[in-house]
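The values are calculated or read from the model by the stated rules, or taken from the named source; none is laboratory data. Bear in mind that the values here come from a model prediction, so they are computed numbers and not experimental data. Cβ: placed from backbone, ideal geometry, glycine included. Neighbour counts: every protein chain shown. Areas reflect the complete protein model, heavy atoms only, side chains present, ligands, DNA and RNA absent. Shrake-Rupley method; radii C 1.70, N 1.55, O 1.52, S 1.80 Å.
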Amino acid sequence: MLLIGIILTVLAYMVSLFISKKIKISFLNPILVASLIIIGVIHWTPLQYETYAEGGAYIVKILGPLVVVLAVPLYNNKHILKKYYKPISIGVLTGVISSAFSVVVLSWLMGLDMDIMLSLLPKSITSPMAIEVSEIIGGIKELTVVFVVITGMFGASVGPLVFDIFRIKNDTARGMALGAGAHGVGTAKAVEISEQAGAASSLSMILCGVTTIILSVVLMKIV
Amino acid sequence: MKIIKEILIILGIYYSGLLISDLISGFFFIPGNIIGMGMLFLLLNTGIVKIEHIKHTSGFLLKHMGFFFIPLGAAFYVLFDVIRPVWVQIFVVLIVSSVFVMAVSGKIVELFIISEDKKEAS
């Protein structure tokens, strides 16, 4: 019954790609659309979630090696990393710290439980790294993925508005912000702004992820 | 054949990363795939592995990264009960925090770049 989960995921993904090509809304995330299709199938047909998840588990396993190939965009943008290492390190640090700080304070204000706050903490970094962080600090990784996807979609669509309101005009700064705040979806948006913004965003996304992982490991060691 | 070679290179680096992660886990835990990423970055920089060696597989994985998360997203079906009572609060956290992160990091980077440019000009 393994194949059911795998085939359903492939079909849902193809449909979601088709939809996002037809309806040109840049933030319409294929992860979200495909997940909703599968949830619909599980809800309205006799297919059980458990049966689906058996095959799904095999797909998720590929996420491990997937992080390894993130070295490729890092390498391709090496010259920008060298040239702008100061603003990039500052952007990455402020991105990581402002995200963690705001999640902790807001979760506390909203009275959210600890496990939900821990699942929310890595919401701004790229999903394969976010699930690592979620596991390290004791969150629920399936919730983290949903939060990451929502953050990316929302962040990428309001990013330009945020830049207008706070008068952020520099392309490197915009790219850094989109990568730090909205990971891959933000990077796709940054590519639309300019090549320079896209490169900055891609670096920002990867480095924010790595920094968050290192910080969470250090933090868990101390606590 | 070429694709199999590409996959073997990536998997080889990935499993070496896992092994190293295991060996050093007594001192410090770093996820194996992050170590693998660092190794691939070093190998690319030293020229031992060239982009051409892994171009197709890495391009495919990066392009279709979203696909591999779909089962985790679908798990939301059984997890929704966990967040049902607080989903509005969660949305507030996600939205406010996203705007905050982009405004703060974007503004600080911009101010830094402007001050650096001024230094260079004077």
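Side notes on the structure shown:
- Considering residues of segment A:160-187 that are β-branched (V, I, T) and more than 7 Å from chain B (Cβ to nearest Cβ) only, the residue nearest to A:K83 (Cα to Cα): A:T187
- Some residue of segment B:43-57 being in contact (Cβ under 8 Å) with a residue 12 or more places away in the chain, at the interface with chain A (Cβ under 10 Å from one of its Cβ atoms) and within 22 Å of A:I59 (Cβ to Cβ): yes
- Tally, over segment A:114-130, of residues that are crowded, with 24+ Cβ neighbours inside 10 Å, in a helix (DSSP H, G or I) and within 8 Å of another protein chain (Cβ to nearest Cβ): 4
- Residue within segment A:84-95 that is within 20 Å of A:K141 (Cα to Cα) and of a type in the set (A, V, I, L, M, F, W, C) present: no
- Close pairs (7 angstrom Cβ cut-off, 6 or more residues apart or separate chains): assigned to a helix (DSSP H, G or I) in segment B:99-122, of a type in the set (F, W, Y) and open to solvent by 40 Å² or more (accessible area, probe 1.4 Å) anywhere: B:A103/A:F166; B:G106/A:F166; B:K107/A:F166
- Close Cβ contacts (under 8 Å, 6 or more residues apart or on different chains) running from residues in segment B:4-21 that are on the phi < 0 side of the Ramachandran plot to residues that are charged (D, E, K, R) and in a helix (DSSP H, G or I) comprise B:E6/B:K55.
- Qualifying residue in segment A:27-34 (condition: at pLDDT 90 or above and open to solvent by less than 70 Å² (accessible area, probe 1.4 Å)): yes
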